[in-house]
Structure formats: C-alpha cells, structure tokens
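*Asks:* Please find one structure pasted underneath; my questions will follow.
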Amino acid sequence: MIRTRFLTLLAIVASLTLALTVAACGAGENGGGSQEASDLLDKAFKKTVTSGDLDLNVDAALDGVEDLKGPLKLSITGPYAQDDPKAFPVLDWDIKAEGGGMKLEAGVIVTEDNAFVEYNGETYEVGTELFTQLKEQQESQQQAFTPQGLKALGIDATDWLTNAELEDGEEIGGDATQLVTGDVDVERVIKDVFKLLQSPAVRQQLESQGQTVPEIDEPSEADIKKIEDAIDKLELEVNVDEDDYVRRTFLDADFTVPEGEDVGTLKGGSISFDYTLNDVGNKPDIQAPTGAKPIQELLGQFGGLGGGSAVPPPSGQLETP
C-alpha cells in the first residue's frame with residue numbers, strides 16, 4: 001500500500017481541486033492576463049444556476065499501477081433543480097463508473113420527499129422516513145464548499161486562476177458562449193487546501209458524511225515545491241453564456257512522480273474533469289417511479305454496505321463554477 005507523505009499530499013490536492021472547482025472558480029485581479037476575462041468570470045461566479053441538465057465526465061489514468069487494469073472513468077448525466085442553496089436537490093441522474101476491471105451502471109432519482117436507486121433492471125426505494133432524516137441532516141450542515149462558505153474560512157477560489165484569456169467558445173445546448181482559459185496557481189491551491197483541512201467546520205462536515213480526513217501537518221516549503229514539480233500540467237477552461245452562466249468547466253492535469261519517492265510502481269498519471277450544463281432554467285419534471293422495492297434488498301446484495309445512506313447527499317449547492 002502506498003503510504004508516503006508526497007502521495008497523500010498530491011491526492012488531497014487533486015481531489016479537493018476538483019471538488020472546489022465545481023463549487024467556485026474565477027480569476028483574481030492580481031493573476032495577470034486579460035482583465036476582460038477576469039471580469040467575465042467574476043460576474044459568472046456570482047450567479048447561481050438553480051436547475052440544469054448535467055453532463056459530468058471524469059477520466060483518470062495512473063501509469064504503472066497494473067491492478068487498475070486500465071483507466072478510471074465516471075459519468076453522471078441528467079437534470080436537477082435546487083431553488084434553495086440549502087435545500088436537497090431534486091434530480092434524475094444516470095451514473096456509469098468503470099475501473100479495476102469492473103463496471104457499474106445505475107440511476108438515482110430524488111423527489112421532494114423520497115429517493116430511489118435503479119440498479120440491474122430493478123428500482124429500490126429509500127423511503128420517506130429515512131429520506132427525511134438524510135435531508136434534515138444534510139440541510140443542517142454548514143455549507144462549507146459553497147463560495148460563501150469558502151470565503152467565511154478565509155479562502156477565495158477566485159484567485160486560483162492566472163493568465164486568464166478570453167475568446168469565442170463553442171455553442172452549448174444551442175447557446176453561444178465565451179471561453180476563458182488559464183493556468184491554476186498550484187501553490188495557492190495547496191495552501192488553501194490545507195487551510196480547509198485545518199478548519200473544524202470542514203472536518204466535521206466530511207466526517208459526518210462518513211469520510212476519513214487524514215491528520216497531516218501543514219506543508220513545508222519543500223513539500224509545496226515537491227508537489228509543484230510533480231504537476232506537469234494543471235489547466236482550466238470555463239465557458240460562460242450570454243446570460244453570464246457558467247456552462248462548462250474543463251480541468252486537465254498531468255503529474256509525474258519525482259525520483260526517489262517510494263510510491264510503489266506508480267510513475268505518474270493524468271486526470272480530466274469535464275462539467276457541462278447543456279440546459280439551464282429548464283425546471284425538470286421529476287416523478288417518483290412505481291413498483292419500487294425496499295432499499296434494504298439492494299443493500300443486502302452488497303453485504304449491507306452503505307451503512308444506511310443509500311443515496312449520498314450532495315454537499316452544498318450544485319452550482320457551477
């Protein structure tokens with residue numbers, strides 16, 4: 001098992017960069033590049049998408065790790081609506097995952113008072129009582145990963161993008177867009193990530209959702225330099241439509257393990273993150289399916305895995321960067 005400080009730091013930076021890119025992005029005035037691009041992202045950053053048709057694709061490849069048997073892939077597609085940033089969204093998503101020689105295809109439907117999982121041709125119901133408990137638990141938690149929550153912790157993700165440039169972008173869902181490109185300030189991201197991990201509010205929210213938060217000391221300048229040297233590429237593209245809504249975010253990263261780091265057979269890797277909204281303001285009509293079986297029957301197929309939460313609740317508003 002890989003247990004080095006370097007790999008742990010790199011993994012945290014990669015995972016939280018992706019998570020926070022969905023929650024908030026932009027360009028700071030001191031980042032250089034086009035002021036017009038910075039101003040456009042600043043306007044888009046302040047707008048909230050309350051409904052849309054999501055198309056999310058994540059691809060990762062780790063060079064030298066034979067056990068993975070190829071790249072890791074995740075896709076989520078379908079509509080959602082969330083009028084209140086603190087409320088549980090309604091949604092109807094198809095989910096596909098592939099990696100380690102295994103494939104998974106499933107569906108998740110969330111209505112105002114229930115949730116359902118579609119798997120292997122059957123539909124399973126979470127149930128209104130359990131769903132209400134999950135919903136109340138989620139809505140009572142601090143929204144630490146929204147832009148407002150980050151700023152309350154002293155983190156402004158709008159400073160992560162440097163050398164921002166603006167050009168005409170592709171049409172998305174029939175709407176014209178402008179494309180903002182730029183580089184990610186790796187050192188600033190690293191420092192902000194560890195500021196997050198040191199926050200009791202963030203740790204409490206992650207742990208309440210069953211996630212393990214590692215105890216890691218604040219990185220030294222040598223640690224930061226090592227991660228910066230390992231990341232060969234970390235680029236960001238953002239498409240903004242004529243109404244100043246972010247319609248697409250694309251993050252592309254490559255890394256190489258430095259010589260002398262004991263990380264087993266891992267040599268390097270790449271990850272791409274493509275988040276697109278093909279439609280906004282569509283107000284989807286999401287209906288509960290009929291003939292659903294109790295969720296316990298599905299959990300029983302996996303030995304009761306899941307600990308009772310069949311549908312992991314989203315963390316914060318599903319807003320675009």
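The values are calculated or read from the model by the stated rules, or taken from the named source; none is laboratory data. What you see is a predicted model; the values in this text were computed from it and never measured. Note: ideal-geometry Cβ built from the backbone for every residue, glycine included; neighbour counts use all protein chains shown.
*Asks:* Starting from the range 268-286, keep only residues that are in contact (Cβ under 8 Å) with a residue 60 or more places away in the chain and farther than 14 Å from residue 57 by Cβ, then list their pairs with residues that are among the acidic types (Asp, Glu) and assigned to a loop (DSSP other than H, G, I, E, B) whose Cβ atoms are within a distance under 7 Å, requiring at least 6 positions of separation or different chains.
*Replies:* Matching pairs, first to second residue: none at all.
*Asks:* Moving on. From 121, 101, grab the single residue that is on the phi > 0 side of the Ramachandran plot and modelled with pLDDT under 90.
*Replies:* Working: 121 fails: modelled with pLDDT under 90.
Being on the phi > 0 side of the Ramachandran plot and modelled with pLDDT under 90 holds for just one of 121, 101, which is 101.
*Asks:* Is it fair to say residue 276 is modelled with pLDDT of 90 or more, of a type outside the set (D, E, K, R), outside any loop (DSSP other than H, G, I, E, B) and closer than 26 Å to residue 86 by Cβ? Write out each step before concluding.
*Replies:* Values: modelled with pLDDT of 90 or more: yes; of a type outside the set (D, E, K, R): yes; outside any loop (DSSP other than H, G, I, E, B): yes; closer than 26 Å to residue 86 by Cβ: yes.
Yes.
*Asks:* Give 270, 220, 315 a once-over and let me know the one that is surrounded by 12 or more Cβ atoms within 10 Å (Cβ to Cβ) and at pLDDT 80 or above.
*Replies:* Numbers: 220 fails: surrounded by 12 or more Cβ atoms within 10 Å (Cβ to Cβ); 315 fails: at pLDDT 80 or above.
Result: 270 is the single residue among 270, 220, 315 that is surrounded by 12 or more Cβ atoms within 10 Å (Cβ to Cβ) and at pLDDT 80 or above.
*Asks:* Among (1) within 19 Å of the chain's Cα centre (by Cα); (2) at pLDDT 80 or above; (3) closer than 21 Å to residue 59 by Cβ, where does residue 245 come up short?
*Replies:* For residue 245, the exception is condition (3).
*Asks:* Separate question: Taking only pairs six or more apart or across chains, which ones have beta-carbon atoms under 9 Å, a first residue in the range 226-247 that is more than 23 Å from residue 166 (Cα to Cα), and a second residue that is part of a helix (DSSP H, G or I) and acidic (Asp, Glu)?
*Replies:* Filtered contacts from the range 226-247: 227/187; 228/187.
*Asks:* Here is a further query. Of all residues in the range 34-91 being in a loop (DSSP other than H, G, I, E, B) and closer than 22 Å to residue 169 by Cβ, which is modelled with the highest pLDDT?
*Replies:* The selected residue is 49.
*Asks:* Among the numbered criteria (1) out of contact with any Gly (no Cβ under 7 Å at 6 or more places or on another chain); (2) closer than 29 Å to residue 243 by Cα; (3) modelled with pLDDT of 65 or more, which one does residue 177 miss?
*Replies:* Here residue 177 meets the rest and fails (1).
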